[in-house]
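*Asks:* Sending over a structure as structure tokens; questions will come in a sec.
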């Protein structure tokens, strides 16, 4: 690269974009961050807040495609496909099905394991430097199964955990009661994962990281990017108000909106929005000490600074489709099965859109045919977890340095439609 300190345009101010901006600014790059929303106010605002470093397993696995009819028919199930959008999603689900072979599951788990390896170290660095360390807790996570049969049906996850050396512990009834006395599990099974950490305000962590980048010299543009161009000598972001921002590198961290900007470059990746919901209880009547997940309904209950967040579910719909807040209400009802008497003085509801790839791996690195465009997108459920690590990788690439790991498994080139 010809510039010692590159001009970098970062599109997106969620946790991934903010982390990219922070790392680039720290290295001395001339950084401009562009987003129509304030930092941390989209998907990064209302997620479950968990740093799930042991979550290396893809969402596609052998036999999963048989569940699709149920996803189409149950509007309040843990996974939902809005049937009117299903024809548009068929190519994505074809790739999703192909990603679920045993060989691909093992390969994806290995790639995620490598990417997760430095997550906590990278969080240590960025939280200490920005003063946000007080918003992180290291208490692990408890996973609840409704029955022994349900637990046995998920044993393959634990076989893979053992293969990768990921710690876990089946809890006795007494051990569960000691850790979380409010939970009522009956004849179910509880498993403790010691690796998980959680942020008590993911929105504030994201905002703090972004503000640290701005304090370090990064520029903030609160506007929508309408189009991106690459003439070979530089990249340009054309804003909705007509302004043009030029740079040496463009970092695409726009989450589920990324494909709208890739299209004019002659590239696309199989990215689709996968919605999540939450109900936030202020001053909850029942207290938890650590994140607790209910397996069959994909319900995560996380103690936050401002209350108890009950988050989860997965809904496939168009980006512009109206939210279905019945799903947020259903989350709370599922939580109350395990936390009897759970109520709050006030309950707020939220919907966000995860950028989901069919193989569950993010896209990190140069866009094929456009080496000045660096992708940092498609993290799915793990954007909060992998944001700072992705930012470190992107900064290395922008400065022409080799990242700390081989990024080939995360390349957009693994999808033929991404080739320029």
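*Asks:* For the range 352-409, place one equal point scatterer on every Cα, skip the solvent, and apply the Debye formula. What is log10 of I(q)/I(0) at q = 0.19, 0.27 Å⁻¹?
*Replies:* Here log10 of I(q) over I(0) equals -0.68, -1.21.
*Asks:* What is the ratio of the Cα radius of gyration of the range 184-320 to 2.2 N^0.38 Å, with N the residue count, to two decimals?
*Replies:* For the range 184-320, the normalised Cα radius of gyration comes out at 1.44.
*Asks:* Output the relative contact order of the range 1-75, whole-number percent, from Cα pairs under 8 angstrom with separation of 6+ residues.
*Replies:* 27 percent
*Asks:* Label-point separation (nm) for residue 215 and residue 86, each offset 7 Å from Cα along Cα-to-Cβ?
*Replies:* For the pair residue 215/residue 86, the computed spacing is 5.1 nm.
*Asks:* Same structure, new question: Can you give the % of DSSP beta bridges in the chain that are antiparallel, to the nearest 5?
*Replies:* Taking every DSSP beta bridge within the chain, about 70 percent pair in antiparallel fashion.
*Asks:* Over what distance in Å are the Cα centres of the range 62-100 and the range 206-261 separated?
*Replies:* 33 Å
*Asks:* Enter the angle in degrees (range 0 to 90, nearest 10) between the Cα long axis of helix 15-27 and the first principal axis of the Cα atoms of the chain, meaning the one along which they spread out most.
*Replies:* 50 degrees
*Asks:* Could I ask something else about it? Treat each spin label as a single point 7 Å out from the Cα along the C-beta direction, and report the residue 173 to residue 158 distance in nm.
*Replies:* 1.8 nm
*Asks:* Over the range 140-253, what is the relative contact order in whole percent, taking alpha-carbon pairs under 8 Å and six or more residues apart?
*Replies:* So the answer I get is 22 percent.
*Asks:* Only bridges with both residues in the range 251-383 count here: give the DSSP antiparallel percent, nearest 5.
*Replies:* 95 percent
*Asks:* Grab the DSSP H runs of the chain that are 4 residues or longer, score each as -39,500 (n - 2.57), total them, divide by all residues and round the 222 nm result to the nearest 500 deg cm²/dmol.
*Replies:* -9500 deg cm²/dmol
*Asks:* Rounding to the nearest 10 and keeping the result within 0 to 90°, find how far the Cα-based axis of helix 102-116 lies from the longest principal axis of the chain.
*Replies:* The angle comes out at about 70 degrees.
*Asks:* Okay, next question. Once the Cα atoms of helix 202-215 and of the chain are each reduced to a long axis, what angle between those two axes, in degrees from 0 to 90 to the nearest 10, is obtained?
*Replies:* 20 degrees
*Asks:* Which residues among the range 190-223 fall inside the zone where the amide N is under 16 Å from a point 7 Å beyond the Cα of residue 306, along Cα→Cβ?
*Replies:* Flagged as within label range: 199-208.
*Asks:* Pairs of Cα atoms under 8 Å, at least six residues apart: use those to get the relative contact order of the range 324-420, whole percent.
*Replies:* 26 percent
*Asks:* Another question about this same structure. Could you calculate the contour length gain from residue 68 to residue 239, that is, 0.36 nm times the residue separation minus the distance between their Cα atoms, to one decimal place in nm?
*Replies:* This chain segment gains 57.7 nm when fully extended.
*Asks:* Efficiency by 1/(1 + (r/R0)^6): what FRET value for residue 329 and residue 268, r their Cβ-Cβ distance, R0 = 35 Å, to the nearest 0.05?
*Replies:* 0.50
*Asks:* Let me ask you something else. Any idea what diffusion coefficient the range 147-229 gets from Stokes-Einstein, in µm²/s, Kirkwood Rh on alpha carbon pairs, 20 °C, 1.002 mPa s?
*Replies:* The diffusion coefficient I find is 123 µm²/s.
*Asks:* Could you check the simple spin-label distance between residue 107 and residue 147, using points 7 Å along Cα→Cβ, in nm with one decimal?
*Replies:* Modelled inter-label distance: 3.7 nm.
Only the coordinates and a few stated rules stand behind these numbers; no lab work does. The structure displayed is predicted, hence computed values, not measured ones. We place every Cβ from the backbone using ideal geometry, glycine too, and count neighbours over all the protein chains shown.
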